[in-house]
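Notes follow once the structure below has been shown.
The values are calculated or read from the model by the stated rules, or taken from the named source; none is laboratory data. It should be emphasised that the depicted structure is a prediction, and the values quoted were computed from it without experimental measurement. When we count neighbours, we look across all protein chains shown, and the Cβ atoms used for this are built from the backbone with ideal geometry, even at glycine.
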Amino acid sequence: MLVSEASRNSKGQEEARYSEDCVFCRIVRGDAEASLVALEEEAAAFMDIRPINPGHVLVVPRSHVARLTEMGEKLGGKIFELAMKVARALRRSGVRCEGVNLLLSEGEVAGQVVFHVHLHVIPRFRGDGFAFRPGPGFGRAPDREELSRVADQVRGSLR
Ligand SMILES: [Zn+2]
């Protein structure tokens, strides 16, 4: 259920929309337990409760947006900015972090489980055992003609 808060924030703007049944909305509003890393005007960061590696952080918009494809590009920029800050912080923090993966899953088929956009910031270190496993179609190199045809297809749909 999507709800609009009646109250207005300090700038007089209507407060962000939230969803009563969304765990990330409850976390952002302080109604569910979380280990918070950062709370900015439009974005929040907190620890993933099932970390791939220690230090695995989720960055989310403070307003409820279910999918990447429904999120405005400006807000997407804010999410990415906070993820960059968290990635830099992880490197300095003493958490084991020799590299970082940023991962955002859009849609069930891509592995999205919670339908409130979230960008994973995953610290990586040699030998951590985490890997992206490519499917059976991987390894075939399409020729230029095919690549350009697909590029045309995508370009034609850009707005
Ligand atoms: Zn939500």
Subject >> Selection status of Val117, away from the ligand (no atom under 16 Å from the Cβ), β-branched (Val, Ile, Thr) and in contact with a Lys or Arg (Cβ under 8 Å, 6 or more places away or on another chain) >> reply: no
**OP:** Select from the range 22-61 the residues that are more than 9 Å from the ligand (Cβ to nearest atom) and of a type in the set (Lys, Arg) and write down the one among them that is nearest to the chain's Cα centre (by Cα).
**Re:** Arg50
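For (1) closer than 30 Å to Glu20 by Cα; (2) loosely packed, with under 10 Cβ neighbours inside 10 Å; (3) over 26 Å from the mean Cα position of the chain (by Cα); (4) within 16 Å of the ligand (Cβ to nearest atom), each residue gets a yes or a no:
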site: Val109; (1), (2), (3), (4): yes, yes, no, no
site: Ala131; (1), (2), (3), (4): no, yes, no, no
site: Glu146; (1), (2), (3), (4): no, no, yes, no
site: Ser157; (1), (2), (3), (4): no, yes, no, no
Subject >> Per-region count, the range 15-41, residues without any contact (Cβ under 8 Å) to a residue 60 or more places away in the chain and assigned to a loop (DSSP other than H, G, I, E, B) >> reply: 13
**OP:** Answer with yes or no whether Ala89 is at pLDDT below 95 and either among the hydrophobic types (A, V, I, L, M, F, W, C) or under 14 Å from the mean Cα position of the chain (by Cα) (or both).
**Re:** no
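Among the residues of the range 144-157, is any more than 28 Å from Gly30 (Cβ to Cβ) and assigned to a loop (DSSP other than H, G, I, E, B)?
yes
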Original post:
Which residues, counting only those in the range 62-104, are in contact (Cβ under 8 Å) with a residue 40 or more places away in the chain, more than 16 Å from the ligand (Cβ to nearest atom) and farther than 19 Å from Glu40 by Cβ?
Top reply: Val95, Arg96, Cys97
**OP:** May I ask you to say which residue of Val95, Val113 is part of a loop (DSSP other than H, G, I, E, B), of a type in the set (A, V, I, L, M, F, W, C) and surrounded by fewer than 15 Cβ atoms within 10 Å (Cβ to Cβ)?
**Re:** Val113
